[in-house]
There are 2 protein chains.
Amino acid sequence: MPQTDQFRRGAADDNGPPGRQDVSMDQQPLSQPVRSRRPSGREAKIAARTARSHAFGPYITRNIPYYEVLGPEGLELLEHNADTILEEIGIDFRDDAESLQLWKEAGADVKGERVHFPRGMCRTIVRRSAPKEFTQYARNPAHNVVIGGNRMVFAPAYGSPFVRNLDEGRRYARIEDFRNFVKFAYLATSLHHSGGTICEPVDLPVNKRHFDMVYSHMKYSDKPYMGSVTHPERAHDTVEMTRILFGDNFEDPATGKPRTCIISLINANSPLTWDATMLGALKTYARANQALIVTPFILAGAMSPVTVAGTAAQTLAEALAGMALAQLVNPGAPVVLGSFASSLSMQSGAPTFGTPEPALVLYVMAALARRLGVPFRSGGALCASKIPDAQAAYESANTLVPTCLGGVNFVLHTAGWLEGGLAMGYEKFVMDTDQAGMMHTLLAGVDLSENGQALDAIREVGPGKHFLGCAHTQANFQTAFYRSPLADNNSVEQWEAEGAKDMTQRANALWKKQLAEYEPPPLDPAIDEGLLDYMNRRKSSFPDSNV
Amino acid sequence: MPQTDQFRRGAADDNGPPGRQDVSMDQQPLSQPVRSRRPSGREAKIAARTARSHAFGPYITRNIPYYEVLGPEGLELLEHNADTILEEIGIDFRDDAESLQLWKEAGADVKGERVHFPRGMCRTIVRRSAPKEFTQYARNPAHNVVIGGNRMVFAPAYGSPFVRNLDEGRRYARIEDFRNFVKFAYLATSLHHSGGTICEPVDLPVNKRHFDMVYSHMKYSDKPYMGSVTHPERAHDTVEMTRILFGDNFEDPATGKPRTCIISLINANSPLTWDATMLGALKTYARANQALIVTPFILAGAMSPVTVAGTAAQTLAEALAGMALAQLVNPGAPVVLGSFASSLSMQSGAPTFGTPEPALVLYVMAALARRLGVPFRSGGALCASKIPDAQAAYESANTLVPTCLGGVNFVLHTAGWLEGGLAMGYEKFVMDTDQAGMMHTLLAGVDLSENGQALDAIREVGPGKHFLGCAHTQANFQTAFYRSPLADNNSVEQWEAEGAKDMTQRANALWKKQLAEYEPPPLDPAIDEGLLDYMNRRKSSFPDSNV
């Protein structure tokens, strides 16, 4: 056959692409084949992966610069526009007299529910007392996370009423699914956080399901978690259960104040509106010194202008007002500037994900948060695709890479997101955790140590030889490159022999294996009993309701 | 059902994710539904997409900054190491006495086939005469591309012996496939270039297939193209056919020199070796003032050290030697610094793609090329996956985003790449061109004009309303957001009603539609005859061979 020649580099036009033939047909025989130096087979692979993943810390400290798309003048212009929005147009605080009173006392112009803010007022309030970074405590101190600065924390997706997997397709989520995803997140070394409403357990009554969700995070994981925000009472329950879980550790003996053990998602009702439900949860958590992600949730074109600069200015205005209110409630309460921006399809009105405009919004908002001096939340692995196909993956990667380069401190929706957030995907979850793992390596940057420079390796090998057997390669064998548990890099023949599976099918096998092998982190039985006690007492104190 | 509540923002825990219910259940009725303002249905969609894509120019002029992972000290260290490699270890120039003689005359230390270079020598030679940027001419001047500076040119993938599509699976490529991909690239407004050996027509003899490949680029497209590099004679044929195609336009009347109408891929035989085949093509094209992409083709771990810094220093050393040689052959001949770096799987020896290490190499090499002052080639939509599944898409996006942010001037492998370059995918091709289209929007950056700031829109709409019907949205309706022809953003119900197709199935329909609708660009019949004449004469002058 003529085409065997095609694989010899330099022998044909196709000198560009690599075939694995390029490796095995290298000019030099593989005198010391890679496999011979280590235990072969499945166990060795798992051991290697485990060794690698254990290198992941409780959160990421980035070692690469931030990517910014605008210079200082552009960012100043957007800050100016946010101030103009706050001053001229104002923000509505609905059905919440207390918030309006706080604004009045702070010197804002309150007319009915509309609040107008003197230029710079919200920024000054936030800068005066909001921490630049803070620690969210976990019941296992090894999983405490620092949120802010050059750190990144990866958390699962949040809020889907549906789940999807290859075996069952799409169906309503149940509390069993919720527990499963908490277990996956606990097992994933690339995720640092247990998340919040990973999926909606619709088999439980709306007004009581928060108990089971919060308990699941506490019982099946020892990573930090998020609180319920759908009613101030439910926020209060989250704080009380956290108090039981942490016991003596809940309060900092030095200050007598509660440690920040909960982070919660507080969404604006864009454009320019904060409603009573969110304000109630915000105030409850702020008073308890628990962290708040203050997030304008924006489908650009519907809830903001169709432009990046308009969406960013509006996001900043809304977030500033929310974060400033939290500081008025309890100066020093940890707040995170959140931005969730998707573009609307102008043809169908459907939200789109992984498109370039939201990536630009993310880069801009990350820079604005740094200028303001607060941690930033955005991004994740967002997609509009219903299934974990190529569309889902393109869209997710087009969100996750900007998330990492732009400098998101708290990444909600890192894993599992499908269908614009309507469905939590079992396969998508483990696929995304793999991608999150890769990001650890990217964010570690370039090793410029002597070992990283590897000049001795180049000296040892010299022209025309290969590096597989050289001392440097042997020394760095275990940690040389990120190893994906899901990517298939084998030859097409081997891949076909193994069933020609796509990534989703391999992911299906992986999550089943994880569930089968899961073991819960130890929890003091007295604490467990205390939590169940609290839940049962509270649950029986009022009737079920789906409102 | 309790879960209907979940879609009202602020009403339940799932306030994070958007459902399309968030749009249609917005507090304000959609008084002016989007659809009512424009012709509905399929035609309107196509018209809108066409209008949008016509906004794409013949190449991209970026409007966002470069992303760099290393500061000046780190980059200087790598330049220093490249000089150390060139000085201490040297480079082999094999079976090419002329190259060795050129190096001797230039003052290098030549021992046998090993050349050692005084520190800085190659850099000085390149900087002295290599253009910082140059125009590659197309037979249709509207498709001339500028390569270098803040420009980006997207070209198809290169060199696969196999093709894959949903209908036939994987099989050897034929000249008919080659023509099809030339047609796709011609039709793709997001691709600026016709590429080179898009796939290997293995149904034609090795020593004559270059005629049909070059002719196909000339006949079925009017975008710029690449030349044959597998033999100096084949390079010569490419130049001669180009002379026929361009006629009087081939030479610049002002200088009397040939215009640069061909760009070609010259790969090093890493580590640290240039072989006679590549050197022969390099010299032929350099003498004819045709552009050269001088590319160390590296599977890190086999052909370079396992580290990013080691791979980058070696790449720079190899490329510097190749580019400097081109300048010795013909000072001023356009050269592009190329970098192709993949990581080897340390388990199987297979190349991997879309992993973080090659992205870091890309960012570093792009910065080094800018410091040197030559255009840069790298990236694309690379993947190891055999099929266009989620793995392929994650990996491709993880390559294409760095390609754009890092600042690649000439992007080979933008579309079609599968299986580490062994297969050219029909569906993958149109999927990748969609992604390339998105990158145009990303690279256009943030519009800070008054229209981009959109303050009037926010003033008009105000708190708690929606932007769908406002004047600003109407004015920007057509161009507001990038519109993907392949992403499905519809509701799950609609998607199921349309057959629950994944992106690959939609791509299958799209490329068939494109082939059916393809019309060739006009070509002067006399020129066509001249080309066929030349080919037939040359083909009959020597026997077929598969070497």
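The values are calculated or read from the model by the stated rules, or taken from the named source; none is laboratory data. Given the structure is predicted, the values throughout are model-derived calculations rather than measurements. A quick note on method: Cβ atoms are made from the backbone with ideal geometry, for glycine too, and the neighbour counts reach across all protein chains shown. We work out accessible area using only protein heavy atoms, side chains counted, and drop any ligands, DNA or RNA first. Shrake-Rupley method; radii C 1.70, N 1.55, O 1.52, S 1.80 Å.
For this structure, a couple of remarks:
- Of the residues A:THR403, B:THR135, the one with the largest accessible area comes first in the ranking B:THR135, A:THR403, computed with a 1.4 Å probe on protein heavy atoms.
- Per residue accessible area in Å² of the stretch A:385-525, where ligands, DNA and RNA are left out and the probe is 1.4 Å: 29 Å²
- Buried on complex formation within the stretch B:236-273 (loss of at least 40 square angstrom of accessible surface versus the isolated chain, 1.4 Å probe, ligands and nucleic acids ignored): B:ASN269, B:PRO271.
- Per-residue shielding of A:353-364, expressed as the average number of other chain Cβ atoms within 10 Å of the residue Cβ, stands at 5.
- Cα convex hull volume per residue for the stretch A:403-547 (Å³): 254 Å³
- Percent carbon-and-sulfur accessible area, the stretch B:454-499, ignoring ligands, DNA and RNA, probe 1.4 Å: 46 percent
- In the stretch B:163-255, a dipole from Cβ-located charges (positive for Lys and Arg, negative for Asp and Glu) runs towards its positive end, and of B:THR255, B:TYR172, B:SER190 it is B:TYR172 whose Cα lies farthest in that direction.
- Charged side chains reduced to their Cβ positions (Lys and Arg at +1, Asp and Glu at -1) give the stretch A:245-308 a dipole of some 100 debye around its Cα centre.
- Quarter of Cα convex hull surface for the protein assembly as shown, i.e. mean projection, nm²: 41.5 nm²
- Normalised alpha carbon radius of gyration of the stretch B:317-462 [divisor 2.2 N^0.38 Å]: 1.29
- If the Kirkwood radius is taken over C-alpha pairs of the stretch B:355-426, then at 37 °C and 0.692 mPa s the Stokes-Einstein diffusion coefficient equals 268 µm²/s.
- Computed label-point distance, nm, for sites B:ASN150 and B:GLN494 using a 7 Å Cα→Cβ extension: 3.8 nm
- Take every DSSP beta bridge whose two residues both sit in the protein assembly as shown; close to 45 percent of them are antiparallel.
- Rounded to whole Å, sorted largest first: equivalent-ellipsoid semi-axes of the stretch A:340-391, Cα gyration tensor: 25, 13, 8
- Over the stretch A:242-329, the fraction of Cα-Cα pairs per 5 Å bin, rounded to whole percents and listed from the shortest bin up, is 3, 14, 22, 18, 14, 11, 8, 5, 4, 2, 0.
- Label positions at A:LYS539 and B:ASN546, each projected 7 Å from the Cα along the C-beta direction, are separated by 7.2 nm.
- Residue-normalised accessible area of the stretch A:71-135, expressed per residue, 1.4 Å probe, Å²: 48 Å²
- Per residue, the solvent-accessible area of the stretch A:232-317 (1.4 Å probe, heavy atoms of protein chains only, all protein chains present) comes to 22 Å².
- Contact surface A-B: accessible area buried, both sides summed, square angstrom, 1.4 angstrom probe: 14200 Å²
- Assigned charges on the beta-carbon of Lys, Arg, Asp, Glu; chain A dipole about Cα centre (debye): 840 debye
- The longest part of chain B holding none of the exposed loop GluC sites (Glu not before Pro), meaning those outside H, G, I, E and B in DSSP with at most 12 other Cβ atoms within 10 Å, is B:169-497.
- Residues along the stretch B:78-101 losing 10 Å² or more of accessible surface when the other protein chains are present rather than the chain by itself (probe 1.4 Å): B:ASN81, B:THR84, B:ILE85, B:GLU88, B:ILE89, B:ARG94
- Between identical copies, the spacing of A:GLY452 label points, each set 7 Å from Cα toward the C-beta atom, reads 3.4 nm from nearest to farthest.
- Shape of the stretch B:157-314, Cα gyration tensor, a/c cut at 1.5: oblate
- Within the stretch A:389-407, the residues that become at least 20 Å² less accessible when every protein chain is included than when their own chain is isolated (1.4 Å probe; DNA, RNA and ligands ignored) are A:ASP389, A:ALA390, A:GLN391, A:ALA393, A:TYR394, A:ALA397, A:ASN398, A:VAL401, A:LEU405.
- For B:ALA487, net neighbour charge (Lys/Arg +1, Asp/Glu -1) across residues whose Cβ lies under 10 Å away: -1
- Treating each Cα of the stretch A:291-381 as one equal point scatterer and applying the Debye formula with no solvent, the log10 of I(q)/I(0) at q = 0.10, 0.23, 0.25 Å⁻¹ comes out as -0.25, -1.08, -1.22.
- Reduced Cα scattering model of the stretch A:92-171, Debye log10 I(q)/I(0), q = 0.17, 0.20, 0.22 Å⁻¹: -0.88, -0.92, -0.97
- Radius 13 Å from Cβ of B:HIS236, net charge of other residues (Lys, Arg +1; Asp, Glu -1): +2
- Annotation for B:GLU498, label-to-label distances across the other copies: 3.4 nm (shortest first, one decimal, point 7 Å from Cα along Cα→Cβ).
- Fraction of accessible area attributable to carbon and sulfur, the stretch A:155-266 (%, probe 1.4 Å): 46 percent
- Calculated label separations, B:ALA516, copies of the chain, 7 Å along the beta-carbon direction, nm: 4.7
- Carbon + sulfur, % of accessible area of the stretch A:321-434 - ligands and nucleic acids excluded, 1.4 Å: 57 percent
- Applying 0.36 nm per residue to the separation of A:LEU77 and A:ALA276 and subtracting their alpha-carbon distance, the gain on full extension is 68.5 nm.
- The magnitude of the dipole of the stretch A:408-547, with charges of +1 and -1 set on the Cβ of Lys/Arg and Asp/Glu and taken from the Cα centre, is near 160 debye.
- Label-point separation, A:LYS104 to B:THR479 (7 Å along Cα→Cβ), nm: 4.9 nm
- For chain B, projected area of the alpha-carbon convex hull averaged over all directions, nm²: 29.5 nm²
- For the stretch A:447-459, Karplus couplings with θ = phi - 60° (6.51, -1.76, 1.60), whole Hz, Gly/Pro x: 7, 9, 5, 4, 5, x, 5, 6, 4, 5, 5, 5, 4
- Nearest 10 degrees, 0 to 90: helix A:356-372 Cα axis against chain A principal axis: 60 degrees
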